[in-house]
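Taking it in order: structure first as structure tokens, then the write-up.
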Amino acid sequence: MNYVDGFVLSVPAERLADYKKMAEIAAKVWKKHGALEYRECVQDDVTDNGFCATFPQTFKPKDGELMVFAYVVYYSREHRDEVNAKVHADKDLLESCDPENMPFDCKRMTYGGFKTIVEA
């Protein structure tokens, strides 16, 4: 079974193109260092169906923000740790992330590593 890092964050709609540019660089870097899969997904259908909470209801984006759900797939947690050590030292990634001009608020991003329990 694989291991997955998952992320949820809000991006101001007017900064989505900037975020996408940064995410495209990140995808190349993660894949270059061994990630099996890298996905960045922006909200499309987040309507309240009365069955469960939507991402916006749970994460409370500000007006004009879009929710992003992202994930990276690895062989194992150990593989994740090896890949991420390389990723976090990669100059291309570091150059694409200007802490003074991020297209989203990093303090409002949620993250976690997950063991896969069902794979189809």
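Annotations
- Cα centroid separation - segment 63-102 against segment 1-57, whole Å: 11
- In terms of its Cα atoms, the chain spans 39, 38, 20 Å along the principal axes, sorted from long to short.
- In segment 24-59, chymotrypsin sites (Phe, Trp or Tyr not before Pro) in a DSSP loop with at most 13 other beta-carbon atoms within 10 Å: Phe51
Bear in mind these aren't lab numbers, they're just calculated from the coordinates by the rules spelled out. Here the structure is a predicted model, which is why all the values come from computation and not from measurement. FYI the Cβ positions are ideal-geometry reconstructions off the backbone, even for glycines, and counts take in every protein chain you see.
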